[in-house]
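Right, one structure below, let's go through it.
The values are calculated or read from the model by the stated rules, or taken from the named source; none is laboratory data. All values reported here derive from a predicted model rather than from experimental measurement. Note that we place each Cβ from the backbone using ideal geometry, even for glycine, and neighbour counts take in every protein chain shown. Calculation scope for accessible area: heavy atoms of the full protein, side chains included, ligands and nucleic acids excluded. Shrake-Rupley method; radii C 1.70, N 1.55, O 1.52, S 1.80 Å.
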Amino acid sequence: MAIEDTLKQFNKSGFPFQLKVENAVRATEQIHHWSVANREHPWATEAKSGFIDLVLKHNQFSTFRMVVECKRLKADDARQLQWLFLIPDLTSPQAAKASCLEVESNINALIWDDVRVWPTSYESEFCILQGDDPKRQPLLETLAKDLLEQTEGLAQEEISVQKSIELGHRPSSPFSIPP
């Protein structure tokens, strides 16, 4: 019975999925040129703090980072959780852009900009999420807000690390931008 309880507790967390995503990134690095820079990376803004599931870095563009938040697929009662993204129809053109946060450490600025990406993907304005608690449905906006806060927290950290490097100090963070 103890093993079943342990497995149930383990599967309630998002860690199995997070580890699977991390392993997939490592196994396919030669294809997409992204590698894992850190996992469970601490971040903080003036208002909030937490941990980023995975931070990826691009192997060809040393200042590119990707913040990855992993969400588990099974509910407490073993139901499959579904994310339903609604699109107008399958003949709609696929989008080739993503919003990215550019860190300009020399002027202490964070600039959001749309950049071209590949592969293309459908763009959806609506998402239906089924959550664990029938009384409280998760909203994509809430999840996205958390992800944006994580991204901005990481960006502020990178500005601090870069300034520290420019002043000749060794960064205290295990995660830094190469000069």
| Ranked from the most accessible area to the least, with a 1.4 Å probe and all protein chains present, what is the order of Cys127, Cys70? | Cys127, Cys70
| message | Per 0.36 nm of contour for each residue apart, how much would the distance between Ser121 and Val36 grow if the chain were fully extended, relative to their Cα-Cα spacing? | response | 28.3 nm
| Semi-axes of the range 1-51's equivalent ellipsoid from the Cα gyration tensor, sqrt of 5 times each eigenvalue, largest first, rounded to whole Å? | 26, 22, 6
| Of Glu157, Glu152, Glu22, which has the most accessible area with a 1.4 Å probe, and how do the rest follow in descending order? | Glu152, Glu157, Glu22
| field | Inter-site label distance for Thr45 and Gln82 at 7 Å from Cα along Cβ, in nm | value | 3.3 nm
| Trp83 accessible area, assembled protein chains, probe 1.4 Å, Å² | 100 Å²
| By how many nm would the segment from Ile165 to Cys100 lengthen if fully extended, with 0.36 nm per residue of separation less the alpha-carbon distance? | 21.0 nm
| field | Distance between the range 51-69 and the range 1-32 - C-alpha centres, whole angstrom | value | 19 Å
